[in-house]
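Contents: one structure, followed by commentary.
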Amino acid sequence: PTQTKLLNICLAGSYLEETVTMLQNILEDAGITSVISAIGQPIYGNNHRLFSEYIHMTKILNTSTSGEIFIFFPYVESIRQKTPIDEWENVVEAIISAAEKKFSYIIIASPFPAPPFPEIYEPYKKAAEKIVINRNLELLDIYTLYLSHPDWKKMFTYQQGIYKNLPTEDENHLFIKELAKIIMRLWKSTANNLIIPYDEK
């Protein structure tokens, strides 16, 4: 009987739907078999954005099964609402605390630097970095990654003068490659613990 190394990953927050498939394909090409689940968007209604995100995330995490890697992309809605940094940081801390009970490793992404005013997102980037340092987690610095590209605004362009909060599908691969590098590094340190016996029938 053969043995398969299976990596259980959970994605949460604001990201393009294609992220799951693209990430899974990159990992598969690297010889890593993964099962990637996704926590969808909250139903906001008339509720406060940050509160809705907190309830949505903690409810699902508290009832979810365990896994190896949890990846959190900050929700766009609460940032666009210009939530006070200390409130935002407290909620993200609570979400991560819930995730740490179920996952071995946590990766936090910084917000995307959506144009035309990426500086709006910078304080939340710094707050994410603070959480990563305090909790000894992994950081996926999407903010710096996209801003360092000379044509970064074009990556978020929907129409002339109209921008999206997330990169276009064609530019989605940029951060996914960096994310895959982090996962592969973590996988090497945990591979021996992820061996699942082949179910012979």
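The values are calculated or read from the model by the stated rules, or taken from the named source; none is laboratory data. Only a predicted model underlies this, so the values are computations on that prediction, with no experimental measurement involved. Cβ sites come from the backbone with ideal geometry, for glycine too, and all protein chains shown count toward neighbours. Side chains included, ligands, DNA and RNA excluded: accessible areas come from the protein's heavy atoms. Shrake-Rupley method; radii C 1.70, N 1.55, O 1.52, S 1.80 Å.
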Answer residue from the range 183-201, given it is open to solvent by less than 50 Å² (accessible area, probe 1.4 Å) and either over 15 Å from M22 (Cα atoms) or of a type in the set (F, W, Y) (or both) and is modelled with the highest pLDDT among those: L186
Residue list for the range 28-59, restricted to those being open to solvent by 60 Å² or more (accessible area, probe 1.4 Å), aliphatic (A, V, I, L, M) and part of a helix (DSSP H, G or I): I55
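Residues are listed down the side, and each one gets a yes or a no for (1) open to solvent by 10 Å² or more (accessible area, probe 1.4 Å); (2) out of contact with any Phe, Trp or Tyr (no Cβ under 6 Å at 6 or more places or on another chain); (3) of a type in the set (D, E, K, R):
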{"position": "I85", "(1), (2), (3)": "yes, yes, no"}
{"position": "I96", "(1), (2), (3)": "no, yes, no"}
{"position": "A99", "(1), (2), (3)": "no, no, no"}
{"position": "Y105", "(1), (2), (3)": "yes, yes, no"}
{"position": "P116", "(1), (2), (3)": "yes, yes, no"}
{"position": "I120", "(1), (2), (3)": "yes, yes, no"}
{"position": "E129", "(1), (2), (3)": "yes, yes, yes"}
{"position": "V132", "(1), (2), (3)": "yes, yes, no"}
{"position": "D141", "(1), (2), (3)": "yes, yes, yes"}
Some residue of the range 104-121 being assigned to a loop (DSSP other than H, G, I, E, B), in contact with a helix residue (DSSP H, G or I) (Cβ under 9 Å, 6 or more places away or on another chain), within 17 Å of L145 (Cβ to Cβ) and aliphatic (A, V, I, L, M): yes
Conditions (1) assigned to a helix (DSSP H, G or I); (2) over 15 Å from the mean Cα position of the chain (by Cα); (3) within 29 Å of L7 (Cβ to Cβ); number of the one not met by E129: (2)
